[in-house]
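Working notes for the structure below.
The values are calculated or read from the model by the stated rules, or taken from the named source; none is laboratory data. Remember, predicted model here, so these are calculated numbers, not experimental data. Cβ coordinates were reconstructed from backbone atoms using ideal geometry, including for glycine residues, and neighbour counts include every protein chain displayed.
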Amino acid sequence: ASHSVRLDVFLETLGVSQSTLNGLPPHLGLPVAVTCYWLRHAHPRPDRPLLQALLLGLVYGELCIKKKRQREEGPVLERLRGLIQRGARSLDLGVAHAYSQWQCCMRDGLDLNQLLCLPLPEPQCAWLYKGTLVHQLVAELRRGVTPDSLLMEDSSSGQLYRAMLGAILNSQETETTGQPDGPSADSGAGGRRF
């Protein structure tokens with residue numbers, strides 16, 4: 001089958017449209033598509049801090065890859081590494097359960113992508129998920145720390161975070177209303193809004 005047919009099969013299986021991935025780095029298309037699927041199917045449904053922490057973890061992975069190439073550590077990478085070094089307090093089993101579900105979805109997404117002869121570029125899996133970091137980030141975000149405060153001083157990290165978040169939220173909104181940014185986007189009755 002052609003690449004476009006294989007890509008359509010992959011995206012349709014995950015319930016994501018091609019437009020969701022537009023504007024994202026190609027190697028992050030698969031993790032974003034999987035995250036859209038996870039948000040729709042996880043039980044209990046992940047809350048906003050879980051999604052934000054996961055995306056900040058993806059940004060961290062991108063910064064680590066960039067650091068390997070450039071040999072310099074920016075302020076955002078330093079801030080996020082500080083959270084890892086601080087270490088986890090007690091393990092939040094709800095957070096662990098949610099991220100375990102995401103990891104299973106990710107594994108299945110990688111398997112499906114390989115089965116379909118890689119319609120999406122494979123991400124560097126080692127940089128996708130850092131458990132200690134995302135657990136710490138969830139705790140920080142639930143205490144009121146904002147993603148913007150963690151990403152300040154690095155506009156490209158902020159742009160990447162916002163692009164992924166926007167793609168995922170738009171995909172969720174499209175499924176709820178049948179169209180992007182539909183009328184239920186601002187109504188509290190239409191489901192949970194991130």
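Structure data summary
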{"read-out": "Looking only at region 152-180, and only at residues there that are assigned to a helix (DSSP H, G or I) and surrounded by fewer than 14 Cβ atoms within 10 Å (Cβ to Cβ), the one that is modelled with the lowest pLDDT", "value": "Ser155"}
{"read-out": "Condition check for Arg69: without any contact (Cβ under 8 Å) to a residue 40 or more places away in the chain and part of a helix (DSSP H, G or I)", "value": "yes"}
{"read-out": "Residue check, Gly29 more than 16 Å from Cys117 (Cα to Cα) and modelled with pLDDT of 95 or more", "value": "no"}
{"read-out": "Pairs with Cβ under 9 Å, 6+ apart, first in region 40-51 and in contact (Cβ under 8 Å) with a residue 40 or more places away in the chain and of a type in the set (Gly, Ala, Ser), second crowded, with 18+ Cβ neighbours inside 10 Å and in a helix (DSSP H, G or I)", "value": "Ala42/Leu50; Ala42/Ala98; Ala42/Trp102; Ala42/Cys105"}
{"read-out": "Region 83-94: number of residues that are more than 15 Å from Leu56 (Cα to Cα) and assigned to a helix (DSSP H, G or I)", "value": "4"}
{"read-out": "Test: Val16 is assigned to a loop (DSSP other than H, G, I, E, B), modelled with pLDDT of 95 or more and of a type outside the set (S, T, N, Q)", "value": "yes"}
{"read-out": "Selected residue (only one of Leu63, Leu11, Leu80, Leu7 is assigned to a helix (DSSP H, G or I), touching a Phe, Trp or Tyr at 6+ places or on another chain (Cβ under 8 Å) and crowded, with 17+ Cβ neighbours inside 10 Å)", "value": "Leu80"}
{"read-out": "Residue count for region 109-150, restricted to those that are farther than 19 Å from Glu78 by Cα, without any contact (Cβ under 8 Å) to a residue 24 or more places away in the chain and not hydrophobic (A, V, I, L, M, F, W, C)", "value": "4"}
{"read-out": "Complete set of residues in region 14-36 that are surrounded by fewer than 20 Cβ atoms within 10 Å (Cβ to Cβ) and within 22 Å of Gln124 (Cα to Cα)", "value": "Gln18, Asn22, Gly23, Leu24, Pro25, Pro26, His27"}
{"read-out": "Residue ID - modelled with the lowest pLDDT, chosen from residues in region 122-151 that are among the basic types (Lys, Arg) and either over 17 Å from Asp47 (Cα atoms) or loosely packed, with under 15 Cβ neighbours inside 10 Å (or both)", "value": "Lys130"}
{"read-out": "Given (1) buried (at least 21 other Cβ atoms within 10 Å of the Cβ); (2) closer than 23 Å to His27 by Cα, number of the condition Val95 does not satisfy", "value": "(2)"}
{"read-out": "Flag for Tyr99 being touching a Leu at 6+ places or on another chain (Cβ under 7 Å) and part of a helix (DSSP H, G or I)", "value": "no"}
